[in-house]
Amino acid sequence: MKISLNWIKDYVQLDAGVDEISRAITFLGFEVEQVIRTGAPVLRDVVVGEVLVRDKHPNADKLSVCQVDVGPAGGLKTIVCGAQNYKVGDRVPVALPGAILPGNFEIKQSKIRGQSSDGMMCSAKELGVAEDASGLLLLEGRPALGTPINEVLPPGDVVFDIEITPNRPDCLSHLGIARELAAWFKLPLVYPQEKFRGSTDGVPHPELLRNVSVLSPEDCPLYTAHIIKGVKIGPSPAWLQQRLSAVGLRPINNVVDVGNYVMLETGQPMHAFDARKLSGNQIIVRRATDGEKIITLDGKERILTGRMLVIADAEKPVVIAGIMGGQNSGVVDDTTDLVLECAIFKRQAIRWTSRRLGLTSDSCYRYERGVDPHSALEAAYRAIDLIVETAGGRVVAPVFQVGGDVPWKREIVVTHAFICARLGFVIPADDVRAALESLELNIARDEIDEAGGPVWTVTIPSWRDDLDRPIDLVEEVLRLYGTEKIPPAVVLSPGLIGDDDPLVLFNRRVTDYLVGHDFHECVNYTLRGEKEIATWVSQAAAVELGLANPFVDDQSHLRPTLVMGLLGTLKLNQSRGVAVSRLFETGRVFIERNGQNFECAAVSFVMAEPLGERSWLKREPADFYLAKKFVSALAAGAGIDLARQPLVPISGPYYGWQEGQSAAAGEMAQGWTTRFGLLSLPMARAMGVDGKVYAGIFAILPEKLSAENSRRRYADFSLLPAALRDLALVVDASVPSDEVRKTLAKLTRAAIGNAFALEKIEAFDVYQGKGLPEGKKSLAFSLVFRSSERTLTDDEVNAAFQKIQDEVGQTTAWQIRK
């Protein structure tokens with residue numbers, strides 16, 4: 001926000017330098033992004049002169065030779081000039097030889113096309129006071145000849161461009177910043193005094209406005225309308241134009257300028273209607289209907305929804321409430337009667353409408369952050385005073401007020417001991433009290449506690465809605481006392497010996513693993529859009545994951561998986577031609593089961609085909625089994641052995657996965673779940689992702705993680721050689737190989753008993769085709785036997801292996817392939 005120093009001085013008489021004021025603003029908690037100096041710099045040897053003679057230059061068609069009288073500053077001067085906008089008798093700025101203009105341009109006596117010139121007549125741009133370089137700056141009021149130009153030109157200003165923090169909407173105004181500076185420099189603050197206090201001539205004028213109704217009071221708790229009759233629209237006075245121009249607003253006319261002025265002064269937005277343009281002579285504050293349209297002041301047609309608040313007349317919406325007026329609702333040159341609106345709107349409603357329409361304004365910026373409802377009427381009275389002063393007219397009945405000024409009372413009890421304890425050093429009680437009262441945080445009651453220290457009941461003004469706890473007052477005291485006065489001290493902190501949180505350890509472990517396998521880490525938003533959510537979960541789950549009051553449509557639901565964000569990142573990289581095929585993310589997901597949402601820690605990855613990659617060596621592409629390998633490693637990081645868990649094919653409502661090429665394990669009843677495999681090809685194409693994408697996600701309740709899970713325990717191993725045997729089984733083609741492996745392992749351990757150990761059993765070949773019956777497949781397994789006490793002999797291994805084959809033949813429907 002831009003703050004004019006000249007404007008601030010209307011409320012507090014600052015005599016500090018610009019650097020000191022800038023430092024004060026910074027220490028008060030606001031960032032000064034830029035300091036802008038306006039107006040003419042100090043210009044020596046630039047004076048007022050009068051053109052007495054203007055003759056054509058003998059050697060140049062576009063130049064003139066002028067005789068210019070600069071009075072006591074040098075008498076009559078001959079000056080060659082190329083401007084065309086002046087005449088004999090005009091008084092203009094004259095830069096004499098030796099003058100240095102902005103840009104370090106020094107004026108010298110010289111010859112121009114053979115004609116001597118004793119100086120230069122100047123434009124506004126050459127003096128540094130404006131951008132107009134089309135002609136000379138013609139001085140109004142005929143100032144005395146020879147007067148230094150700095151005494152004639154309007155005084156300059158200093159404008160501070162300040163970043164106001166979101167919790168301080170009271171400082172989105174000159175009065176708010178003036179209040180802060182008055183407290184810092186310990187100076188009195190002078191508030192503007194309103195002349196109008198609500199009284200009218202008592203004669204109603206229903207032909208101008210006969211009714212105001214608010215149909216959505218939850219969105220508009222207070223709406224006031226005053227009728228001003230007999231105004232004359234015209235340019236604003238110079239002082240008002242200078243105030244607005246200094247902070248970057250373009251003056252329009254006296255009524256519009258007053259509305260902008262009061263908004264920048266008090267922080268309260270306003271809107272002035274041309275009374276004759278209100279159909280039915282009424283104002284209705286209501287929600288728009290779906291599809292309703294309005295053309296705003298920027299000339300664009302806006303299509304509204306039923307959630308948007310509008311100010312309407314009897315026929316149509318005329319203003320998007322709190323944001324921007326309609327093209328045909330405001331005052332124009334022939335307006336004579338107007339209705340002045342001053343209202344309070346619900347900040348969430350204004351913010352939602354602004355984001356949805358992609359439309360913002362100075363009013364919207366303030367309503368979004370919060371406007372003090374308890375000073376709205378004073379701001380309206382201030383605006384009425386200025387309109388009557390600059391545009392004439394009178395306030396007539398009726399005056400409308402819908403909604404009430406809810407009485408404000410907030411008190412915080414705080415002790416001097418509490419403030420000093422939180423600060424870590426002692427500030428005298430008198431200084432604490434002075435700091436609070438300088439911010440108009442007045443002491444309603446001053447008592448003594450049991451230890452003999454002061455206990456203050458502090459009254460909080462309505463514009464400081466951010467103060468509601470004793471600790472907030474500690475910050476206010478320190479701001480005013482000065483953080484640079486904090487005494488140096490040795491920091492004493494006990495050393496804490498302890499392990500990191502299990503969740504941190506888990507995230508660190510899986511991150512290290514995936515980065516080591518050439519994955520790139522991503523970070524995405526926790527909130528996703530409704531359409532995207534419907535791809536992954538059932539409709540009932542989507543309802544449970546929806547936010548009650550989302551800010552924007554594409555962040556309306558809690559995410560049930562990390563894969564969605566990773567796909568978006570993959571799409572972005574593919575569209576930019578970035579050859580990234582492996583991505584992963586750790587974060588929180590929200591899994592719905594039977595109407596209950598579980599917040600889980602999760603890790604997910606995606607592997608895409610390396611499209612367009614040129615390489616001398618073609619690597620094997622990712623597949624289901626590689627995804628399973630990575631998910632198994634992630635589960636192991638949480639202490640879960642996925643090999644011991646039953647896998648089930650994914651089918652049903654999990655539309656994000658390709659049915660038949662994806663699997664799941666675990667349930668929330670166990671505290672964890674995982675899914676992996678090929679992502680749905682139609683879904684990936686619909687998102688704009690090219691090629692096949694394999695993915696995996698592992699999610700676990702944080703309380704299921706423990707430091708014990710991450711500890712590696714020593715396991716003894718044998719130095720004796722292993723004995724290997726291979727066994728091929730003919731099974732139904734629909735039977736998963738892992739199911740066969742687990743059953744075979746169980747039979748093997750039962751067959752060998754305690755004689756020695758089955759160290760490992762793995763499938764190494766799958767065959768379907770010639771030589772096998774229809775609907776059958778051959779699975780070949782490698783069995784590894786070992787003893788920790790002796791070297792196994794062929795005889796004992798062969799005997800055990802035969803027993804295993806006998807058990808398979810007797811207890812299963814499988815056939816041993818010879």
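Would you be able to say whether some residue in segment 267-274 is of a type in the set (Phe, Trp, Tyr), within 24 Å of ILE36 (Cβ to Cβ) and open to solvent by less than 40 Å² (accessible area, probe 1.4 Å)? Talk me through it step by step, then tell me what you get.
Step one: filter segment 267-274 for residues of a type in the set (Phe, Trp, Tyr), giving 273.
Filter again for within 24 Å of ILE36 (Cβ to Cβ), leaving none.
No; the residues of segment 267-274 include none that is of a type in the set (Phe, Trp, Tyr), within 24 Å of ILE36 (Cβ to Cβ) and open to solvent by less than 40 Å² (accessible area, probe 1.4 Å).
Out of segment 110-134, which residues are open to solvent by 50 Å² or more (accessible area, probe 1.4 Å) and not in a strand (DSSP E or B)?
ARG113, GLY114, LYS125, GLU126, VAL129, GLU131, ASP132, ALA133, SER134
Please pick out the residue among ILE311, ILE295 that is in a strand (DSSP E or B), open to solvent by 20 Å² or more (accessible area, probe 1.4 Å), at pLDDT 95 or above and β-branched (Val, Ile, Thr).
ILE295
Does any residue of segment 647-666 turn out to be at negative phi, of a type in the set (Asp, Glu) and over 40 Å from the mean Cα position of the chain (by Cα)? Quick ask: steps written out before the conclusion?
Step one: of segment 647-666, the residues at negative phi are 647-651, 653-659, 661-665.
Going one step further and asking which of them are of a type in the set (Asp, Glu), we end up with 659.
Then keep just the ones that are over 40 Å from the mean Cα position of the chain (by Cα); that gives none.
Checked against the condition, which is being at negative phi, of a type in the set (Asp, Glu) and over 40 Å from the mean Cα position of the chain (by Cα), segment 647-666 yields no hits at all.
Taking VAL504 as meeting all but one of (1) free of Cβ contacts under 8 Å to residues at least 12 places away in the same chain; (2) among the β-branched types (Val, Ile, Thr); (3) farther than 18 Å from PHE698 by Cβ, write down the number of the exception.
(3)
Sort out which residues of segment 22-36 are touching a helix residue (DSSP H, G or I) at 6+ places or on another chain (Cβ under 8 Å) and open to solvent by 20 Å² or more (accessible area, probe 1.4 Å), and write them in order of number. Before you say what the answer is, go through the steps one by one.
Our first condition is that a residue be touching a helix residue (DSSP H, G or I) at 6+ places or on another chain (Cβ under 8 Å); within segment 22-36, this holds for 24-25, 27-30, 32, 35.
Of everything in segment 22-36, those that are touching a helix residue (DSSP H, G or I) at 6+ places or on another chain (Cβ under 8 Å) and open to solvent by 20 Å² or more (accessible area, probe 1.4 Å) turn out to be PHE27, GLY29, VAL32, VAL35.
Criterion first (open to solvent by 40 Å² or more (accessible area, probe 1.4 Å), within 25 Å of ILE344 (Cβ to Cβ) and part of a loop (DSSP other than H, G, I, E, B)) does ASP500 satisfy it?
Values: open to solvent by 40 Å² or more (accessible area, probe 1.4 Å): yes; within 25 Å of ILE344 (Cβ to Cβ): no; part of a loop (DSSP other than H, G, I, E, B): yes.
Against the criterion (open to solvent by 40 Å² or more (accessible area, probe 1.4 Å), within 25 Å of ILE344 (Cβ to Cβ) and part of a loop (DSSP other than H, G, I, E, B)), ASP500 does not qualify.
Residues in segment 729-751: is at least one open to solvent by less than 40 Å² (accessible area, probe 1.4 Å), within 30 Å of PHE506 (Cβ to Cβ) and part of a helix (DSSP H, G or I)?
Among the residues of segment 729-751, at least one is open to solvent by less than 40 Å² (accessible area, probe 1.4 Å), within 30 Å of PHE506 (Cβ to Cβ) and part of a helix (DSSP H, G or I), which makes the answer yes.
Can you tell me which residue in segment 314-354 is modelled with the lowest pLDDT, limited to those that are buried (at least 20 other Cβ atoms within 10 Å of the Cβ) and part of a loop (DSSP other than H, G, I, E, B)?
SER329
Let me confirm something: among GLU475, GLU450, which residue is out of contact with any Ser or Thr (no Cβ under 9 Å at 6 or more places or on another chain), within 22 Å of PRO428 (Cβ to Cβ), outside the structural domain of GLY29 (by TED's automatic domain parsing) and not in a helix (DSSP H, G or I)?
Values: GLU475 fails: not in a helix (DSSP H, G or I).
It is GLU450.
Per-residue answers, yes or no, for (1) open to solvent by 50 Å² or more (accessible area, probe 1.4 Å); (2) assigned to a helix (DSSP H, G or I); (3) under 18 Å from PRO721 (Cβ atoms); (4) not small (Gly, Ala, Ser):
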| position | (1), (2), (3), (4) |
| --- | --- |
| ASP765 | yes, no, no, yes |
| PRO773 | yes, no, no, yes |
| GLU789 | yes, no, yes, yes |
| ASP806 | yes, yes, no, yes |
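Across segment 515-535, which residue is least open to solvent (accessible area, probe 1.4 Å) among those that are touching a residue at least 60 places away in the same chain (Cβ under 8 Å) and over 31 Å from the mean Cα position of the chain (by Cα)?
The selected residue is HIS517.
As an exercise: evaluate GLN282 against (1) surrounded by fewer than 21 Cβ atoms within 10 Å (Cβ to Cβ); (2) under 30 Å from the mean Cα position of the chain (by Cα) and give the number of the one condition it does not meet.
(2)
Just to be sure I understand, how many residues within segment 37-66 are acidic (Asp, Glu) and surrounded by 17 or more Cβ atoms within 10 Å (Cβ to Cβ)?
Restricting attention to segment 37-66, the residues satisfying the condition of being acidic (Asp, Glu) are 45, 50, 55, 61.
The next check asks that each one be surrounded by 17 or more Cβ atoms within 10 Å (Cβ to Cβ); those that pass are 45, 50.
Residues that pass the stated criteria total 2.
The values are calculated or read from the model by the stated rules, or taken from the named source; none is laboratory data. Computed from a predicted model, the values in this text were never measured in an experiment. Neighbour counts run over all protein chains shown; Cβ positions are idealised from the backbone, glycine included. Accessible surface is based on the protein model in full, side chains and every heavy atom, while ligands, DNA and RNA are left aside. Shrake-Rupley method; radii C 1.70, N 1.55, O 1.52, S 1.80 Å.
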